[in-house]
Amino acid sequence: MADRVPRGPTGVPLFGSSLSFAADPLGFFERSAREYGDFVRVETLNGEIYLLTDPAEIERILTRNNANYRKPDLGGEGLDGLLGEGLLTSEGDRWLRQRKRIQPSFNRSMLDRYAETMVADARELAETWADGDRVEGDRAMSRLTLRIIVETVLGAELGGMEREIADALENVGQKFRSDDVRTLVPEEVPTPRNVKYRLGERRLRRIVRDIIRQHERGVAREDGNMLALLFAAREAGATDITDDQLRDEVLTMLLAGHDTTALTLTYSWYLLSEHPEVRREFQAELDSVLDGEDPTAADADALAYTERVVKEAIRLYPPVYVVYRQATGDDSVAGFRLPEGAIVAMPQWVVHRDPRWWDDPEEFRPERWAEETDRPDYAYYPFGGGPRRCIGEAFAMREAKLILATIGRRFELDYAGRDDPELIPMVTLHPEPPVEFEIRTR
Ligand code: HEM
């Protein structure tokens, strides 16, 4: 076992590097990797964390050696406090049991069925737009993907809850902003932010109850969606699927299943608007594949250029910009010792823009995805990897392509802001201020 300790920034005494991390996590990741290399030890208020930006080692931790790691135990302070024992935050046997039960609701035939809803909902949104309208792209995409996740994987109807969910999510999201030191204030302190968070959380729980009730009352879809599968397993005797377990799974899908894809779409529209030559090629593909009709499930596979646009958008703006793991036993990483209990941060934000793996890393070039390359697999991991890889990857790629195609064959979205949007790393990477577009009929 290697016993060398990697170098790293020391920060101001007492606070370690917590302050500069909280002020600008993306910049902090970048500077640390640039100055100290692929494996960096960082002292923070709550102990040390290690930054890892070497694709081969990231792959090893997420895949071959994943048994030596868990998701960090943040004692209920992070997402785990909200999502409890749902698929994203649970561990061990409970996680594996649930992953196996839920997986079939993401198989190919289900994705084909969901495709119709994806297109219908996108069409309905497009029908509310007219030439010259101004829309807040991120809000519009977020409401659309929210509606889709409720109607597909959760098998329910959103009804009038759309607005309430959007408000609730905004309140909850604010707590996870890392750009100011107020995140260091404990949750019990009734700051305006903490009060808002509690309110948001209560609202969300009410919405989750409503979705579950639709299944209990028999008014939900019974087509093999996640909730239908879990209810069926419960009726067949699975006593571990308690009401709390159901609640955690629904809230997990509600959050994990819409915000990331909404961001993917927002960044895609923004980049298309800023790169007219790419947009022309995208439109040419829509015109030739769709032939004046809305897309079908089969069309999603044929939209090869659109897929490259999406892949390139989330290379540059990965909605999940860092993945964390905690070592459950000692490991050696890149020739250094990683002690049991240590937390490793593996930032896509840095690796996806590393000039060792990407030519002109800051450039938006969808065609790079058509080129032969010997770049390591984990130079790109927007969906994570190994057993905990995103269960919604195929769902998200298909949804993004179908929405881009359904809207993009009717309209162009021209970015209406003056400056590039700023990026705010919350749980996911959010643009600020809202990304406004002017709508142009094609
Ligand atoms: C572009 C869109 C998306 C991105 C970038 C994304 C990213 C990720 C990443 C990086 C992870 C792994 C986290 C880790 O290992 O710590 C993950 C896990 C997960 N994602 Fe996604 N995701 C997206 C869309 C979706 C969708 C559409 C759904 C649901 C329909 C979803 C549900 C989940 C769930 C439940 C997990 C936990 C899986 C497990 O641990 O078994 N995601 N996602």
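Observations, loosely collected:
- Entirely in the range 186-290, the helices (runs of 4 or more DSSP H) that have 3 or more residues that are farther than 29 Å from R97 by Cβ and of a type outside the set (F, W, Y): 192-216, 259-274, 276-290
- When each of I407, I403, I391 is tested for being touching a residue at least 40 places away in the same chain (Cβ under 8 Å), closer than 22 Å to G257 by Cβ and assigned to a loop (DSSP other than H, G, I, E, B), the lone residue that passes is I391.
- Helices (runs of 4 or more DSSP H) wholly inside the range 296-355 that include at least 1 residues being under 24 Å from L271 (Cα atoms) and of a type in the set (D, E, K, R): 297-302, 304-316
- Qualifying residue in the range 336-355 (condition: surrounded by 14 or more Cβ atoms within 10 Å (Cβ to Cβ), touching a residue at least 12 places away in the same chain (Cβ under 8 Å) and under 27 Å from A115 (Cα atoms)): no
Residue-by-condition table, conditions (1) touching a residue at least 24 places away in the same chain (Cβ under 8 Å); (2) in contact with a strand residue (DSSP E or B) (Cβ under 7 Å, 6 or more places away or on another chain):
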| site | (1), (2) |
| --- | --- |
| Y114 | yes, no |
| T117 | yes, no |
| L125 | yes, no |
| D131 | yes, yes |
| I148 | yes, no |
| E162 | no, no |
| E170 | yes, no |
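- In the range 382-433, the residues that are β-branched (V, I, T) and within 7 Å of the ligand (Cβ to nearest atom): I391
- Taking first residues from the range 83-95 that are closer than 12 Å to P72 by Cα and within 9 Å of the ligand (Cβ to nearest atom) and partners that are assigned to a loop (DSSP other than H, G, I, E, B) and open to solvent by 30 Å² or more (accessible area, probe 1.4 Å), the Cβ contacts under 8 Å between residues at least 6 apart in sequence or on separate chains come to T89/K71.
- Scanning the range 117-174 for residues that are at pLDDT 95 or above and open to solvent by 60 Å² or more (accessible area, probe 1.4 Å) gives R123, E124, E127, T128, D131, R134, E136.
The values are calculated or read from the model by the stated rules, or taken from the named source; none is laboratory data. From a predicted model like this one, the values you see are computed outputs, not experimental measurements. With ideal geometry, Cβ positions are generated from the backbone for all residues, glycine too; neighbour counts draw on all protein chains shown. We work out accessible area using only protein heavy atoms, side chains counted, and drop any ligands, DNA or RNA first. Shrake-Rupley method; radii C 1.70, N 1.55, O 1.52, S 1.80 Å.
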